[in-house]
Amino acid sequence: MTTVALKDVTKVFPDGTVAVDKINLDVNDGEFMVLLGPSGCGKSTVLRMVAGLEDPSSGAVLLDGELANDIPPRDRRIAMVFQDFALYPHMTVGDNIAFPLRLSGVEPVPRTERVADVASALGIGDVLGRKPSQLSGGQRQRVAMGRAIVRRPGLFLMDEPLSNLDSGLRAELRAEISALVRELGVSTIYVTHDQAEALTMADRVAIMRKGVLQDVGTPTQVYGRPATLYVAAFLGSPRMNLLEATVYVHLDRYIALNFGNQSLYLPWNDIRARAVAHYHGERIVVGMRAEALTPVAPDTPGDVLQGRIRYLEHHGHESLAYLDIGATAIIVDDLGGTVAEQGTGSGRRMRRLGQVMQRLAGRAPESAPGAEHAERNGRSSSVLSDPGRHHRRPAELAVRLAPYPAVTSGHPMAISVRMDALHFFDERGDRIDVGWR
């Protein structure tokens, strides 16, 4: 069992791409930590630096309090499970699992016993004589897990181990891996882009964006009180509704949140009211998840928004209605972006080409001065006025309904809003709140 600490760890590749930017993260003894983010956000690079497969450009990697920057990978007591299984095709399952023990000089009899114990625990005891090509995807992943477990490491590193499997098998192995790792009590860092994996498996989740750590907390914390606008938009299905609102303070009474022609009223005795009141006369971003919205009768009193259904999505167990309420949505449009797209080289050249085309068309360039620096640091100067990273469009409020409801597109609908479930963000995308978690 190993504790891990990353102190101001940065990784810059030779072409100038900043893959990881001053990460500070602690993984406790026996903890299951999940690194979550879109492809290219730097999470696998963090994993490789912990394993010793990449050298940090600056900062310190500590294992059990000891500086590990110069410790070779073989001396770190780490086992890594890869996305593509990485099994030896000419070896049997038993030989694949036993390979690290053979390299370590373990005698044949205890080696065979340990392989049999691990294979039995993983449900592959009956295929030890087969070759990897004779196994299903799920069995191959179990073999890869067995080879890592049999070493009895102090730390597991898992790099999207389930991404090549179908959804049903992913759910099954998700539960198995989570239970097995906790039974062994081994510290684990697990990389994924799948929020379902992160929220169901993790003790804590670390969310990354373009090499920058955005938020760290338990699944309940990062989902229920996201630290940034990006985290709010990234987590949840359907995505959180993010609306532009203008704040008007009525002292000792309430705070009016104006969404175009409609308003919601935050009571003055709400613990968040004082923090939101600092933005009197300014625009902020208000987030509301679908579970905070309930269809009601049009004349229902209280915190109600009126809208008209733009379109419906049917998902079998529920339907989603998207309402036009006359408000403006804030769209975080780089949830799937990569570090390379925002760095040097072709990504920047394409952006310059786009700016030239806009000037030829008589329009101002989309990115404000300094926007590239802001992008590199994972933040925009203003999510309300800088369209280089976010854009605005009429809001389509996602609301959960019963399966196949008796409404159609164009149907008017009133929605009751749970005011205690609203999220508030400033123009930089930081959470407006009191007291932190």
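Miscellaneous remarks
- Filtered residue count, the stretch 90-112, keeping only those that are part of a helix (DSSP H, G or I), more than 37 Å from the chain's Cα centre (by Cα) and surrounded by 11 or more Cβ atoms within 10 Å (Cβ to Cβ): 3
- Count of the stretch 201-227 residues, restricted to those that are surrounded by 19 or more Cβ atoms within 10 Å (Cβ to Cβ), out of contact with any helix residue (DSSP H, G or I) (no Cβ under 8 Å at 6 or more places or on another chain) and more than 24 Å from ILE177 (Cα to Cα), is 3.
- Hits in the stretch 251-268 (condition: closer than 15 Å to VAL286 by Cβ, among the aliphatic types (A, V, I, L, M) and not in a strand (DSSP E or B)): none
- Of the residues making up the stretch 139-173, those that are farther than 26 Å from GLY30 by Cβ and either modelled with pLDDT of 85 or more or part of a helix (DSSP H, G or I) (or both) are GLN139, ARG140, SER167, GLY168, LEU169.
- Residues in the stretch 13-50 that are in a loop (DSSP other than H, G, I, E, B), farther than 22 Å from SER163 by Cβ and not small (Gly, Ala, Ser): PHE13, PRO14, ASP15, THR17, ASN28, ASP29, GLU31.
- Looking only at residues of the stretch 51-75 that are assigned to a loop (DSSP other than H, G, I, E, B) and at positive phi, we find that the one that is surrounded by the most Cβ atoms within 10 Å (Cβ to Cβ) is GLY52.
- Which numbered condition TYR248 misses (of (1) crowded, with 18+ Cβ neighbours inside 10 Å; (2) out of contact with any Pro (no Cβ under 9 Å at 6 or more places or on another chain); (3) in a strand (DSSP E or B); (4) without any contact (Cβ under 8 Å) to a residue 40 or more places away in the chain): (1)
- Test for THR200: is it at negative phi, hydroxyl-bearing (Ser, Thr, Tyr) and out of contact with any strand residue (DSSP E or B) (no Cβ under 6 Å at 6 or more places or on another chain): yes
- Listed conditions (1) more than 28 Å from GLY105 (Cβ to Cβ); (2) over 25 Å from the mean Cα position of the chain (by Cα) are all met by ASP215, apart from (2).
- For ILE271, the conditions (1) in contact (Cβ under 8 Å) with a residue 60 or more places away in the chain; (2) surrounded by fewer than 16 Cβ atoms within 10 Å (Cβ to Cβ); (3) part of a helix (DSSP H, G or I) are fulfilled apart from (3).
- Set PHE32, PHE99, PHE82: member being farther than 25 Å from ARG204 by Cβ and among the aromatic types (Phe, Trp, Tyr): PHE99
- Residues of the stretch 115-138 that turn out to be assigned to a helix (DSSP H, G or I), within 36 Å of the chain's Cα centre (by Cα) and not aliphatic (A, V, I, L, M), as a count: 8
- Here ARG114 fits the description: more than 19 Å from VAL205 (Cβ to Cβ) and either outside the structural domain of VAL186 (by TED's automatic domain parsing) or without any contact (Cβ under 8 Å) to a residue 40 or more places away in the chain (or both).
- Selection status of LEU135, touching a residue at least 40 places away in the same chain (Cβ under 8 Å), crowded, with 17+ Cβ neighbours inside 10 Å and farther than 17 Å from MET158 by Cβ: yes
The values are calculated or read from the model by the stated rules, or taken from the named source; none is laboratory data. Owing to the predicted nature of the structure, the values given are computational and were not obtained by experimental measurement. Note that we place each Cβ from the backbone using ideal geometry, even for glycine, and neighbour counts take in every protein chain shown.
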